[in-house]
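Peer 1: Would you mind keeping the following structure in view while I ask a few things?
None of the figures in this text is laboratory data; all of them are computed from the coordinates on show. Predicted model only: the values in this text are computed from it and were never measured. With ideal geometry, Cβ positions are generated from the backbone for all residues, glycine too; neighbour counts draw on all protein chains shown.
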Amino acid sequence: MAEQQFGRVADLPFPNIPPHKGNEELAQLVNEYFQKIQSFRPTAVHLMGEMTFTFALVQKLKAAGTLCLASTTERLVQEKGGKKVVEFRFVQFRPY
């Protein structure tokens, strides 16, 4: 679906962001990922993850004219053998 809407898809692993990371370190990581993403010259960026990192990166990307997208999902919960099984089904992209 993403390829049909936006063209080539490239995956960039989301960084591990420890909860004790300071604001300066976070800003450096945001800048690093901004540069990596810009090197792809993207039509759009699907970005979900740690909230403060995502917020800061979305702000930078949007300021550079890049469409930023979140995914919406439907949460399906079933009981199987006394355990909850949760499935998330993609519904659509939503712009930030």
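Peer 1: In the range 1-30, what residues are in contact (Cβ under 8 Å) with a residue 12 or more places away in the chain and not small (Gly, Ala, Ser)? Please lay out each step first, then the result.
Peer 2: We begin by selecting, within the range 1-30, every residue in contact (Cβ under 8 Å) with a residue 12 or more places away in the chain; these are 1-2, 5-7, 10, 12, 14-15, 17, 26-27, 29-30.
Result: Met1, Gln5, Phe6, Leu12, Phe14, Pro15, Ile17, Leu26, Leu29, Val30.
Peer 1: Anything in the range 39-96 that is under 26 Å from Leu29 (Cβ atoms) and of a type in the set (Gly, Ala, Ser)? List them, or say none.
Peer 2: Ser39, Ala44, Gly49, Ala56, Ala63, Ala64, Gly65, Ala70, Ser71
Peer 1: Of Gly49, Gly7, Gly22, which residue is farther than 18 Å from Phe93 by Cβ and out of contact with any helix residue (DSSP H, G or I) (no Cβ under 7 Å at 6 or more places or on another chain)? Full working, then the answer.
Peer 2: Numbers: Gly49 fails: farther than 18 Å from Phe93 by Cβ; Gly7 fails: farther than 18 Å from Phe93 by Cβ.
None of the other options fit; the residue is Gly22.
Peer 1: Does the range 28-82 hold any residues that are farther than 18 Å from Arg8 by Cα and aromatic (Phe, Trp, Tyr), and which are they?
Peer 2: Passing the criteria: Tyr33, Phe34, Phe53, Phe55.
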